[in-house]
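See structure below.
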Amino acid sequence: MYRGLLLGLVFLLLIPDFRLKAEATRSGRSWLPASAISRFSWLPALAGRTQGSSSQPVRATAPRVDFERQIKPIIDKNCLECHSTEKRKGGLSLATYGDALDGGRNGAAIRPGAGTRSIMIQRLLGRIEPQMPKDEDPLPSSQIALIRRWIDEGARETPGSPPAPPPWEAPMALTHPTVPPVTWTAWSSPIDRFIASDMSKRRSAEPPVIADALFARRAYLDLWGLLPPPDALEAFLKDDGPDKRERLVQALIADNQRYAEHWISFWNDLLRNEDGVSYYSETASRKPITTWLRAALESNLPYDRFVAKLLNPETPGDPDGFLVGVNWRGETSAAVTPWMQASQNSAQIFLGVNLKCNACHDSFVSHWKLKDAYSLASYFSPDAKLQLFRCDRALDQYAEPGFLYPELSRAPSSSTLDARRATIAKIFTDARNGRLARTLVNRIWLHLFGYGIVANPDEMDGKPWDPALLDWMAADFVDHGYDVKHLILTIMTSRAYQLPAVARPGEVPARGYAFAGPEVRRLTAEQFADAIGTITGEWSVVTEQGEVGNFAREWRVAATNLTRALGRPIRDQVTSVRVSSSTTLQELELVNGATLATWLSRGARNMLGQLQPGPASAFSEVVAGRSASTASFDVDVSRAAKLWLIVEDNGSSAPERNKAAWADAELAGPQGTVPLSSLEASESSGLRAGTGPIVLAGSKEPVRGGGLRVPTPSRVVYDIGGKGYTRLRGTVGLENTDVGATLQPQIKFYIFTAEPDLERLVPPAPGTPLPGPAPLTTASAVVDRIFWYALARAPSPEERAIAEETVKDSAEGGRLAPTGVADLLWAVLMKPEFQLIY
């Protein structure tokens, strides 16, 4: 009876507070208000008396959460579909207690003693997207609260176990670890001795290295980004010297130009450097640093000076574009100002510290605070004192220059921007800052081996699989004056680099990773494209301002549908690791894409000496949509029988919205002038509808002579032979600049007086990155060139028979057929043996 009255009383008193329960449950807080807790403090005593117990209140201590009994069943039911030992999405497995503590590519998922700061809790609550379990209903709040309590209690393996250790955090200063003794005789370099000391625990015999041809192919691609020429490969294979591999690497890295033209893509990705990209808004900004970067790589500028120049550009020609950043539509939020971008990017690129979250608010997953990002940004901002914005809401708080690690921080000599930039450059390159060297060493190792010593190159607080190896290499790098080429040579002359490539079986575990050799890697987009140029002599052509018409390596030209599909990033963000997995878009471009098909067709004709260069244009001009620019033309047409007026788009996400116009276009001759619009075109891809006078963007006045409204792209052809016209005059431009695209297009206008090569409107200037092949005249020569260049080997007898039959035209008496050569090129380029670096 008393118990029933007691429960009824509790129910009546709590009715006003029921509404608090739902909100508090979502937030993980106790849903009882303080007033209720206070007024029910007597209940335990009353309950005890009703049962005849002592009048003293009983204080019960809740038992610790049991991982095996209470937490693991929740994980097994909701998480293992994606985070099992086999799948490891994001590098994270939750299959075992140890796996859960190891975390994934984004670092520790669990921070013992700090449930709120743990990524696991943030994901479960949806504070970090995507919310987990992904694409499923969220876990009940009671289960999330239980997991958080387990973590707060120390994430113990059993209730009686000691608290789990905190996540690994890299020390600041470099150490000089003792190099292990020699395990296998040939493994004598310091890198090899570290690797062998661990590998020998798993295998008794020294592992074999790859064959000479595979080593040469790997070395050429890693240092030059190019395939080894067959004659150079043949000489290397015939060389009997025991040190020939080291000599090859030294010779390749000594070619400053080819080294720079390959490694510039690695740095462009990291530094967000891209040429020829303009943006929609007048307040948007971007400034390439290509000229400086290429020179820095060619001269092997020491890395500490390289970083200092980026952070403190002092003299004309210095790379101030890095600090300008990338603003797509101007400064739309506090987190995308140039100085905040400089704060985030410099920390990520040079220190392996992620400040993305705390550029808006205190990080949920690390100890970095909002003020940390602003303090670092203060070194780069026009104002030394920055007001803080939390999620774009102004706070009554201010940050002054301060470094992420107080032991290295120092005050600028004055409040000027020059002084602040000089100070932060000195802090980053301070000899005590071991993170600078460790981060680059890890990035280079990842680039050459496919898997970093620290798995996530942007989270250098992740535990290395061999901390001593990482620190030895970083210390050696510093001891050799931050010489990047020395670092690359040290790696590439090791036996570890020469091991056969191993395939990654899905996501690699953070704990228990065992080095077995370089991972199988895909050719980059630039390597794939340059390989076509190398084999066929048909290279990409620069069509941007500055080097228009030059044959060039792929890094120098704008991205195409093909290279985007092959992984070339849009460099609006720092790209540490390119996506290399196969995608549907990639497969479509390789199998049925117009870019590759056209390239192979031209390449095949070039190999056979059947590709004739097209005529030069009589007029070519690029009109940038955002700037509302125009260009006038006055072309001699006295010897022309036809005119080709062509418009192309470059870089717009909505080319059909570009309203191009040939304005004031008229033909002049002895009898006077005739508006071009009065003539009937013999060929046309269509004219753009429109009435009224043409008004070009940037002008308020209509053009006086009318003209042609054309879509983008378009082609219009006129027959003018025998009509006595001598000049074609007018102006090109757009009728609109608001095309609704983030990336602003560059519209290209061409006039030809002879039939153009529509596959390549800009005829290339003489000279190619590599000497072109002499025209091939036999099927055997064609097959040999393709196989030796693409695969670094001769074809098998069966392959040769099929390939030679493919390149011949049976209907033409067995003569070489360009279509057959193109088919063979495509078949070989589709082989994993070509696309992968073993």
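The values are calculated or read from the model by the stated rules, or taken from the named source; none is laboratory data. Bear in mind that the values here come from a model prediction, so they are computed numbers and not experimental data. Every residue, glycine as well, gets a Cβ built from its backbone with ideal geometry; the counts of neighbours run over all protein chains shown. Quick note on the areas: whole protein, heavy atoms, side chains included, nothing else; ligands and nucleic acids left out. Shrake-Rupley method; radii C 1.70, N 1.55, O 1.52, S 1.80 Å.
Has the stretch 286-307 got any residue that is surrounded by fewer than 19 Cβ atoms within 10 Å (Cβ to Cβ), over 23 Å from residue 433 (Cβ atoms), in contact with a strand residue (DSSP E or B) (Cβ under 9 Å, 6 or more places away or on another chain) and among the small types (Gly, Ala, Ser)?
Checked the stretch 286-307: no residue is surrounded by fewer than 19 Cβ atoms within 10 Å (Cβ to Cβ), over 23 Å from residue 433 (Cβ atoms), in contact with a strand residue (DSSP E or B) (Cβ under 9 Å, 6 or more places away or on another chain) and among the small types (Gly, Ala, Ser).
Quick test for you: out of 808, 831, pick the one residue that is within 17 Å of residue 604 (Cβ to Cβ), among the basic types (Lys, Arg) and touching a Leu at 6+ places or on another chain (Cβ under 9 Å).
Working: 831 fails: within 17 Å of residue 604 (Cβ to Cβ).
Just one listed residue meets the conditions, 808.
When you scan the stretch 124-142, do you find a residue that is part of a loop (DSSP other than H, G, I, E, B), open to solvent by less than 50 Å² (accessible area, probe 1.4 Å) and more than 24 Å from residue 355 (Cβ to Cβ), even just one?
yes
Could you tell me whether the stretch 73-81 includes any residue that is open to solvent by 30 Å² or more (accessible area, probe 1.4 Å), at positive phi, in a loop (DSSP other than H, G, I, E, B) and at pLDDT below 90?
No: the stretch 73-81 contains no residue that is open to solvent by 30 Å² or more (accessible area, probe 1.4 Å), at positive phi, in a loop (DSSP other than H, G, I, E, B) and at pLDDT below 90.
Please find, among 296, 235, 308, 260, the residue that is without any contact (Cβ under 8 Å) to a residue 12 or more places away in the chain, small (Gly, Ala, Ser) and not in a loop (DSSP other than H, G, I, E, B).
On the way: 296 fails: without any contact (Cβ under 8 Å) to a residue 12 or more places away in the chain; 308 fails: without any contact (Cβ under 8 Å) to a residue 12 or more places away in the chain; 260 fails: without any contact (Cβ under 8 Å) to a residue 12 or more places away in the chain.
Of the residues listed, the single one that is without any contact (Cβ under 8 Å) to a residue 12 or more places away in the chain, small (Gly, Ala, Ser) and not in a loop (DSSP other than H, G, I, E, B) is 235.
Based on this model, can you work out whether residue 704 counts as among the charged types (D, E, K, R), open to solvent by 20 Å² or more (accessible area, probe 1.4 Å) and modelled with pLDDT of 95 or more? Steps first, please.
Details: among the charged types (D, E, K, R): yes; open to solvent by 20 Å² or more (accessible area, probe 1.4 Å): yes; modelled with pLDDT of 95 or more: no.
Criteria not met by residue 704.
Please go through the stretch 443-468 and pick out each residue that is in contact (Cβ under 8 Å) with a residue 60 or more places away in the chain and within 15 Å of residue 517 (Cβ to Cβ).
Result: 446, 448, 449, 450, 451, 466.
Please verify whether residue 802 is without any contact (Cβ under 8 Å) to a residue 12 or more places away in the chain, in a helix (DSSP H, G or I) and not acidic (Asp, Glu), treating the condition exactly as stated. Reasoning before the result, please.
Details: without any contact (Cβ under 8 Å) to a residue 12 or more places away in the chain: yes; in a helix (DSSP H, G or I): yes; not acidic (Asp, Glu): yes.
Answer is yes for this residue.
Could you look through the stretch 383-415, keep only residues that are touching a residue at least 40 places away in the same chain (Cβ under 8 Å) and outside any strand (DSSP E or B), and pick out the one that is nearest to residue 338 (Cα to Cα)?
That would be 392.
Yes/no per residue for (1) under 30 Å from residue 667 (Cα atoms); (2) crowded, with 21+ Cβ neighbours inside 10 Å:
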position: 735; (1), (2): yes, no
position: 753; (1), (2): yes, yes
position: 757; (1), (2): yes, no
position: 766; (1), (2): no, no
position: 811; (1), (2): no, no
position: 815; (1), (2): no, no
position: 825; (1), (2): no, yes
position: 835; (1), (2): no, no
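If I filter the stretch 623-632 for residues that are farther than 21 Å from residue 821 by Cα and modelled with pLDDT of 95 or more, do I get at least one hit?
Of the residues in the stretch 623-632, the ones farther than 21 Å from residue 821 by Cα are 623-632.
Restricting the remaining residues to those that are modelled with pLDDT of 95 or more gives none.
No; the residues of the stretch 623-632 include none that is farther than 21 Å from residue 821 by Cα and modelled with pLDDT of 95 or more.
Would you pick out the residues in the stretch 566-590 that are more than 25 Å from residue 345 (Cα to Cα) and free of Cβ contacts under 8 Å to residues at least 40 places away in the same chain?
Hits for the stretch 566-590 are 581, 582, 583, 584, 585, 586, 587, 588, 589.
Of (1) part of a loop (DSSP other than H, G, I, E, B); (2) open to solvent by 10 Å² or more (accessible area, probe 1.4 Å), residue 355 satisfies all except one. Which?
(2)
Which pairs do you get when a residue that is hydrophobic (A, V, I, L, M, F, W, C), found in the stretch 77-105, comes within reach of a residue that is exposed (fewer than 15 other Cβ atoms within 10 Å of the Cβ), reach meaning Cβ atoms under 7 angstrom, with the pair 6+ apart or on two chains?
Hits for this filter: 82/134; 95/85.
Looking at (1) open to solvent by less than 20 Å² (accessible area, probe 1.4 Å); (2) within 22 Å of residue 687 (Cα to Cα); (3) of a type in the set (Gly, Ala, Ser), find the lone condition where residue 593 falls short.
(2)
Can you tell which of 503, 475 is farther than 30 Å from residue 404 by Cβ and either among the small types (Gly, Ala, Ser) or open to solvent by 10 Å² or more (accessible area, probe 1.4 Å) (or both)? Spell out the reasoning first.
On the way: 475 fails: farther than 30 Å from residue 404 by Cβ.
Residue meeting the stated conditions: 503.
What are the residues in the stretch 198-252 that are open to solvent by 10 Å² or more (accessible area, probe 1.4 Å), of a type outside the set (Phe, Trp, Tyr) and over 23 Å from residue 186 (Cα atoms), if any?
229, 230, 231, 232, 234, 235
Can you say whether residue 665 is crowded, with 19+ Cβ neighbours inside 10 Å, at pLDDT below 95 and closer than 21 Å to residue 754 by Cβ, as far as the supplied structure shows? Write out each step before concluding.
Numbers: crowded, with 19+ Cβ neighbours inside 10 Å: yes; at pLDDT below 95: yes; closer than 21 Å to residue 754 by Cβ: yes.
Here the answer is yes, as residue 665 does meet what is asked.
What residue, of 674, 717, 703, 695, is assigned to a strand (DSSP E or B), farther than 20 Å from residue 620 by Cα and among the aliphatic types (A, V, I, L, M)? Please lay out each step first, then the result.
Values: 717 fails: farther than 20 Å from residue 620 by Cα; 703 fails: assigned to a strand (DSSP E or B); 695 fails: assigned to a strand (DSSP E or B).
Selected residue: 674, the only one of 674, 717, 703, 695 that is assigned to a strand (DSSP E or B), farther than 20 Å from residue 620 by Cα and among the aliphatic types (A, V, I, L, M).
How many residues are surrounded by fewer than 16 Cβ atoms within 10 Å (Cβ to Cβ) and β-branched (Val, Ile, Thr) when one looks only at the stretch 769-808?
Adding up the residues that qualify gives 3.
Quick grid of which residues meet (1) among the acidic types (Asp, Glu); (2) at pLDDT 95 or above:
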position: 274; (1), (2): yes, no
position: 278; (1), (2): no, no
position: 291; (1), (2): no, yes
position: 328; (1), (2): no, no
position: 332; (1), (2): no, no
position: 337; (1), (2): no, no
position: 369; (1), (2): no, no
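If you take the residues in the stretch 120-136 that are within 24 Å of the chain's Cα centre (by Cα) and of a type outside the set (Asp, Glu), which one is modelled with the highest pLDDT? Spell out how you get there, then give the answer.
Step one: of the stretch 120-136, the residues within 24 Å of the chain's Cα centre (by Cα) are 128-130.
Narrowing the set further to residues that are of a type outside the set (Asp, Glu) leaves 128, 130.
Values: 128: 82, 130: 86.
Looking at residues that are within 24 Å of the chain's Cα centre (by Cα) and of a type outside the set (Asp, Glu), I get 130.
So which residues in the stretch 424-437 are open to solvent by 10 Å² or more (accessible area, probe 1.4 Å) and not small (Gly, Ala, Ser)? Before the answer, list the steps.
Applying the first criterion (open to solvent by 10 Å² or more (accessible area, probe 1.4 Å)) to the stretch 424-437 yields 426, 429-432.
Scanning the stretch 424-437 gives 426, 429, 430, 432.
Quick one: is residue 141 at negative phi, in contact with a Ser or Thr (Cβ under 7 Å, 6 or more places away or on another chain) and either free of Cβ contacts under 8 Å to residues at least 12 places away in the same chain or not charged (D, E, K, R) (or both)?
The answer is yes for residue 141.
Got at least one residue in the stretch 340-358 being of a type outside the set (S, T, N, Q) and more than 21 Å from the chain's Cα centre (by Cα)?
We begin by selecting, within the stretch 340-358, every residue of a type outside the set (S, T, N, Q); these are 340, 342, 347, 349-353, 355-357.
Restricting the remaining residues to those that are more than 21 Å from the chain's Cα centre (by Cα) gives none.
Within the stretch 340-358 (the criterion being of a type outside the set (S, T, N, Q) and more than 21 Å from the chain's Cα centre (by Cα)), the answer is no, since none of the residues qualifies.
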